[in-house]
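Here is the structure we will look at.
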Amino acid sequence: RMWESPETFVLCHVDRAENLFRSFARGDPLPSGADRLLARVHKDLNDFNTLMWCLSQFEVCININLQLDSWREERRVWMQMVRQASNVGPLHDILLMLERSLRETAFKPEWVPTKRDQWRVSLSRASTLAHFAEHLFSLQEALRWNDQKEEDRALVNMWRSRRQDWLQTIEGLRHGPQYSLLPPDRDIVNCRLWDADRNREFVKYVNYIINHDARRLQSLSFRDI
């Protein structure tokens, strides 16, 4: 067996992580294979993936009884679009498809039909990640989620426990600073040293994710660290 126990497996990887950070601190060349680690971090640790995660978490809390019957089949296509998206290009179609799946009774009365139509027009002009985060936020605000009767709520009970963290995450994407902690993906292999500038960016990023007013939903997780 390669590993005697799960504990051995975890301790081995913790030791490798400690050695990697010691190399960072000393400014040494990165150990063999570290470029693959940085490439994975560069892929996962970015605002686009955070937005897509928020989108999926929001969708799973929607009361399917307040969506069109066709959504049960269309959702498979929608989920595939979400999984395959790698930039903001497909977000027009992804958000519009989700919004159109909702029955009018899912919306607050003041949203139908005027504000709903305005939302669609505004979405057609969106071009940045912050713009799409703003439209996802406003779509959430338009739905009935606090009605007395559960069957009238567009968002199921699970949303109550998730909403505050979700809102703080979206707030960071709508208005928060966007730090460039890592070099472009194509330059990672050539980036062998952890210099002073990169250290300052790292400190800024950590300060940002632990700030109470703008903390991300996944702050202080292994992914962020």
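Readers should treat all values here as calculations from the given coordinates under stated rules, not as data from a laboratory. Keep in mind that what you see is a predicted model, and the values were worked out from it rather than measured. When we count neighbours, we look across all protein chains shown, and the Cβ atoms used for this are built from the backbone with ideal geometry, even at glycine.
Structure notes:
- Label-zone membership for segment 90-122, site ASP147, 7 angstrom Cα→C-beta point, backbone N under 19 Å: 99-116
- Remark: the Cα gyration tensor places segment 70-171 in the rounded category, a/c being less than 1.5.
- Peptide ranges 108-114, 47-53 listed from the most packed, as the mean C-beta count within 10 angstrom indicates: 47-53, 108-114
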